[in-house]
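A short worksheet on the structure shown next.
The values are calculated or read from the model by the stated rules, or taken from the named source; none is laboratory data. The shown structure was predicted, so the numbers you read here are calculated from the model rather than taken from an experiment. No Cβ is skipped: glycine too gets one built from the backbone with ideal geometry, and neighbour counts run over all protein chains shown.
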Amino acid sequence: MKKLLLSLGMVLLLAACASGVKLNDVPVEDKSGSKVSVAPDPVMPAPVSASSANEAKSTVVPVDSAASTNLSAGPAGNVAKVIFFDYDSYVVKSEFQATIEAHAQFLKANPRAKVSLEGHTDERGGREYNLALGQKRADAVRQSLSLLGVQESQVESVSFGKEKPAVQGADESAFAKNRRAEFFYR
Amino acid sequence: MTSFFSSLGMVLLAFACAMPAHADFRVEISGVGVTQIPIAMANFRGEDNAPQKITQIVAADLERSGQFRSTPAGMVIDEVSRPDFGPIRQKPADALLTGSISRMADGRFDVRFRLWDAVKGEDMGGQSYVVVPADLRLVSHRIADQVYEKLTGDKGIFSTRIAYITKQGPKHLLWVADADGENPQAALTSQEPIISPSWSPSGNELAYVSFESRKPVVYVHDIASGKRRVLANFKGSNSAPAWSPDGKSLAITLSRDGGSQLFLINSKGGDPKRLTQSNGIDTEPVFSSDGSAIYFVSDRGGSPQIYRTPAMGGPVQRVTFTGNYNISPSLSPDGRWLAFISRVGGAYKLHVMDLISDKVVALTDTNADERPTFAPNGKLIMYSTQSQGREALMTTTLDGKIRARLAGQNSNMREPHWGPFLNP
């Protein structure tokens, strides 16, 4: 759990920076003062750097070619690929909003990127009904992405119901880890 | 299982003595007022040297139905001689089954039986079958069907087949087996989950949901040839296939238009037609046996309940009202009974509802029952449950008094579906 919180904290930290600075829009200026707009590379994931805001006037936005070609890897950096849900809940919790935004940003910056949102439930109850409940979770994430401007054609929401638990076990800690939606980039 | 035993005042392991060879098989009789036909079984002549113990298979079938109590006849007799009924009546037994099995020159077996009314001392008829060794179990089930029909008036279901899923380590398998769980044959092996097998009305095909392409896709699988085709692979999830009684179409759940909703699709494939419109979940459709209505699960009222709608589309009617979690409907062939799973205090239990009186009864005292399916004669319900840390298949009578655990493999057995009557 500590590990989870730690990585969660890092995600939030990174995402917070990302939302503060529109890196795709960062202009590159020459010393004469006349503005030269550099169009952002459409397949280029937004690089995230805590200090970039202060350096924008004197530095160039760094490009990582490896990241730009590997769309199936999803967003670069430490962006979480799993979102957890409360019991009997299909609402994306606010603590995961930053994660969703990081994925939305990546998908918008990379229109050829495609992601499957895979909904899961804990083991209690029927298989088909759980499939429908997992679908509700995947759909909730899809709608969050859609609200952030991601194209429907880039996203497919599917469900595994209770068929693919992340962890085995019949206690609440196992259930909590299994009630989830995962980002799977194709 | 421990709680099962301790919670019952009296439990009879009726079969422990009669079937020592089948350690897995068990019939549990609970409660009082169980009326059963006592039948005496004479070991078929030649059975000791035959590949299958015919009388044991027949006896197990009859016991599992809940309507029979079998005892060894204690006499050596075959189908050709007239028995002395005195000792049979004293057992007491109302009927006597006799027969023989002999190997023919070409390797096939000639199996014969005769059933007697021990009270009246009358011949109730018999039959002979000539089969290859692999069909001796099937013949045994056919004999059980004949005995069952002659003595109860209802058609027997012992020669029908069931489908179910097992999980063995990372492997998921779809099985077709005899109605007693024996003689399993794998129809599909996959590294990914398989759920919701559903027999076509002909008994030739199975529809099911497979996750082999990293999403739920509905397939139709021809059992004899092993050929299969994708029935529904639309954007989103495809699941919960249920055949119409004429076999021409299936009701399925698709999320392609947003949310899990019911559609009708031709069994050959094609463009699905939307059947329900709700903002919530609509899933787990089943047809009534006349094809006029579809029962399904919806959370449109806030909690999952069972609803009914005309198969051609039309007004939706709520069916279940007790409890706040009712799923997995299965209808008896005569349309009288609705079996489903209801959550009661955190436990998932098989219930049956009399659709005439609307009375609901819980049938089990296990905690994780799933996916009930009616026998084609409507007299038994099969379901899966957790037993001794494993998923197992059970049958129960509609009053819950006679339950039997099906012969198992060393794996988790789940998702049963009972196939139709087959023409011999």
Quiz item: Which of the residues that make up the stretch B:303-325 are in contact with a Lys or Arg (Cβ under 9 Å, 6 or more places away or on another chain) and over 24 Å from B:Arg274 (Cβ atoms)?
Solution: B:Gly323, B:Asn324, B:Tyr325
Quiz item: Is there any pair with a first residue in the stretch A:107-127 that is within 13 Å of another protein chain (Cβ to nearest Cβ) and a second that is among the aliphatic types (A, V, I, L, M) and assigned to a loop (DSSP other than H, G, I, E, B) whose Cβ atoms are under 8 Å apart and which are 6 or more apart or on different chains, and what are they?
Solution: A:His120/A:Ala166; A:Glu123/A:Ala170
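What tally of residues in the stretch B:170-186 results from selecting those that are in a loop (DSSP other than H, G, I, E, B) and polar (S, T, N, Q)? Give the derivation first.
Residues of the stretch B:170-186 that are in a loop (DSSP other than H, G, I, E, B), as a first pass: B:170, B:179-184.
Those left that are additionally polar (S, T, N, Q): B:183.
Residues that pass the stated criteria total 1.
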Quiz item: Taking strands (runs of 3 or more DSSP E) that fall entirely within the stretch B:10-92, which contain at least 3 residues that are at pLDDT below 90 and surrounded by 15 or more Cβ atoms within 10 Å (Cβ to Cβ)?
Solution: B:26-30
Quiz item: Just wondering, is there one or more residues in the stretch A:150-173 that are away from every other protein chain (no Cβ under 14 Å) and part of a helix (DSSP H, G or I)?
Solution: yes
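If you go through the stretch B:170-200, how many residues are touching an Asp or Glu at 6+ places or on another chain (Cβ under 7 Å) and under 24 Å from B:Phe421 (Cβ atoms)? Please lay out each step first, then the result.
Taking the stretch B:170-200 first, the residues touching an Asp or Glu at 6+ places or on another chain (Cβ under 7 Å) are B:172, B:180, B:190, B:192-193, B:195-197.
Adding the requirement that they be under 24 Å from B:Phe421 (Cβ atoms) leaves B:180, B:196-197.
So the count comes out to 3.
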Practice problem: Determine if the stretch B:177-191 includes at least one residue that is within 14 Å of chain A (Cβ to nearest Cβ), over 26 Å from B:Gly247 (Cβ atoms) and not β-branched (Val, Ile, Thr). | Solution: yes
Quiz item: Of all strands (runs of 3 or more DSSP E) completely enclosed by the stretch B:315-424, which ones contain at least 3 residues that are surrounded by fewer than 20 Cβ atoms within 10 Å (Cβ to Cβ)?
Solution: B:337-344, B:360-362
